[in-house]
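A short worksheet on the structure shown next.
Derivation of every value follows stated rules applied to the coordinates shown; laboratory data play no part. This one's a predicted model, so the numbers in the text were calculated from it and none came from an experiment.
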Amino acid sequence: MTQEDGDLDSLVRKRIRALRLAQGWSLEELAGRARLSQSSLSRIENGRRRLALDQLLTLARALDTSLDQLVETATEDVVSHPTVDAAHGRMSWPMKAEPGVTVVRQRLTGPPPDSPSRLRAHPGREWLVVLSGTAVLLLGDRRLRVETNQAAEFPTMLPHAVGSDGSPCDILGVFDRDARRGHRMDEGAARGQRPAR
């Protein structure tokens, strides 16, 4: 067994135990759900029994996870660094856990557009969390105030725009793949460029 195999083996055993404890289950409860003896499960968690694929599959199901997640290795950096878009006053972080999902921190200093023709609509889903100040969310024909520590979630097929209520407002926006693509297309059109594909 290589060092890497040993590290994965140890990680899987710790993960099984951590998932069991997170559910509030005793060894006996998880063993019953996985149709293993309590002593077998104890030896698996403590590294005194070889990990067998069929047992890992059974344990993954009993723990309400997948085999892939149970044996997944964490090779990526935990700390991510933002990309800064100074022209739009944004910082963004791609989320590794959800491919295509992007988190953007933005400081809003002006109100949303006053013309309904300037509202955007595109496929996708968007979430925003107000970190400080008050955001104004135009959503179709509704005008919503979103205060500090409040959040909003909406399908981006509704015409929408976000601004501040007159004083600076910091928000975190979370965009699924389609919503992010729609915003890139809107930004390109606003600058007179063709949308990136």
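Grab the Cα-Cα distance for Asp114 and Leu57, subtract it from 0.36 nm times how many residues apart they are, and report the gain in nm with one decimal. Kindly include the intermediate steps, with their values, before the conclusion.
Working: separation 57, 0.36 × 57 = 20.52 nm, distance 5.62 nm.
In short, 14.9 nm is gained.
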> How far, in nm, would the chain grow between Ser167 and Ala151 when pulled straight, counting 0.36 nm per residue and subtracting the alpha carbon separation?
Replying inline: 3.9 nm
> Under the definition of Cα pairs under 8 Å and six or more residues apart, what whole-number percent is the relative contact order of the range 3-71?
Replying inline: 36
